[in-house]
Amino acid sequence: MTEIDFDDFYHAHFRVLTVQLCAYTGDLAQAQDLAQEAFCRAYARWSKVVQYDDPVAWVRRVAWNLAASRWRRLRTARAYLRRQREEHVPGPGPDRVMLTAALAKLPENQRRAVVMHHLADMTVAEIARQEGVAEGTVKSWLHRGRTTLATLLRERNEQPEESRD
């Protein structure tokens, strides 16, 4: 019995198997993935597979099994999704949009300090340690950031309703 080279085997049978799988799955990309995976598995145990009476049948069976496994996983995922309740979460309110826009206008170090202090509940000392600066620097950033935020939010609230973004 002559030894069959894997590369020759692959080139001779990949396209045919892909066409069969495409007809089975209805999706060329999925068929190519399945065929590729089946051939990878054959390559990993080629010394054994090549001795079978019909190595192509083995590769085909592996590919069909892979397709069936994918369908089972998809069916399980769809069933799971159907059982989930859809939750409607309202978008951010106008105050939050205004605050986010104002925070975006702060210099980065002031914005970080304000967010860490007021949203992450970090102390001035913790922020200073994390940022690698003196506590006085953090206090300065917080003061400047709060002052700028107050000005930006006051200006925004004083604008007539129709001229707002």
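Before moving on, here are some points about what is shown:
- In region 17-69, Rg over Rh equals 0.99, where Rg is the alpha-carbon radius of gyration and Rh the Kirkwood radius from pairwise Cα distances.
- Candidate values [x] 16.7, 53; [y] 31.4, 91; [z] 16.4, 56 were compared with Rg and Dmax of the Cα atoms in Å computed on the shown model; the agreeing label is [y].
- With each label modelled as a point 7 angstrom along the Cα→C-beta vector, the Ala79-Arg146 pair spans 5.7 nm.
- Karplus-derived 3J(HN,Hα), 6.51/-1.76/1.60, for each residue of region 4-18, Hz, glycine and proline x: 8, 6, 4, 4, 5, 4, 4, 5, 6, 10, 4, 4, 4, 5, 4
- Solvent exposure of the chain amounts to 72 Å² per residue of accessible area, where only protein heavy atoms count and the probe is 1.4 Å.
- Our helix-only sum for the chain, with -39,500 (n - 2.57) per DSSP H run of n ≥ 4 divided by its residues, gives a mean residue ellipticity at 222 nm of -25000 deg cm²/dmol.
- Förster radius 22 Å - calculated FRET efficiency between Gln30 and Glu86, Cβ distance, rounded to 0.05: 0.20
- Within region 67-165, the percentage of alpha carbon pairs spaced more than 20 angstrom apart rounds to 58%.
- Percent accessible area from carbon and sulfur atoms, region 12-165, protein chains only, probe 1.4 Å: 52
- Taken over the C-alpha atoms, region 81-124 has Rg and Dmax values of 15.9, 48 angstrom.
- Theoretical FRET efficiency, 1/(1+(r/R0)^6), r = Cβ-Cβ of Glu108 and Arg129, R0 25 Å, to 0.05: 0.85
- Sequence-distant contacts, meaning Cα pairs under 8 Å at least 6 residues apart, place the relative contact order of region 1-150 at 15 percent.
- Here's how it looks for Met122: its modeled amide H is under 5 Å from those of His117, which are all 5 or more places away or on a different chain.
- Positive minus negative residues near Ala125 (Lys, Arg vs Asp, Glu; Cβ under 15 Å): -2
- Residues in region 21-36 carry Karplus couplings, in order, of 5, 5, 5, 6, 8, x, 9, 4, 4, 5, 4, 5, 4, 5, 4, 4 Hz; the curve used is 6.51 cos²θ - 1.76 cosθ + 1.60 with θ = phi - 60°, and Gly or Pro positions show x.
The values are calculated or read from the model by the stated rules, or taken from the named source; none is laboratory data. Worth saying up front: this structure is predicted, and the values here are computed from it rather than measured. Counting neighbours? That spans all protein chains shown, and the Cβs are built from the backbone with ideal geometry, glycine included. The area values use the complete protein model at the heavy-atom level, side chains included, leaving out ligands, DNA and RNA. Shrake-Rupley method; radii C 1.70, N 1.55, O 1.52, S 1.80 Å.
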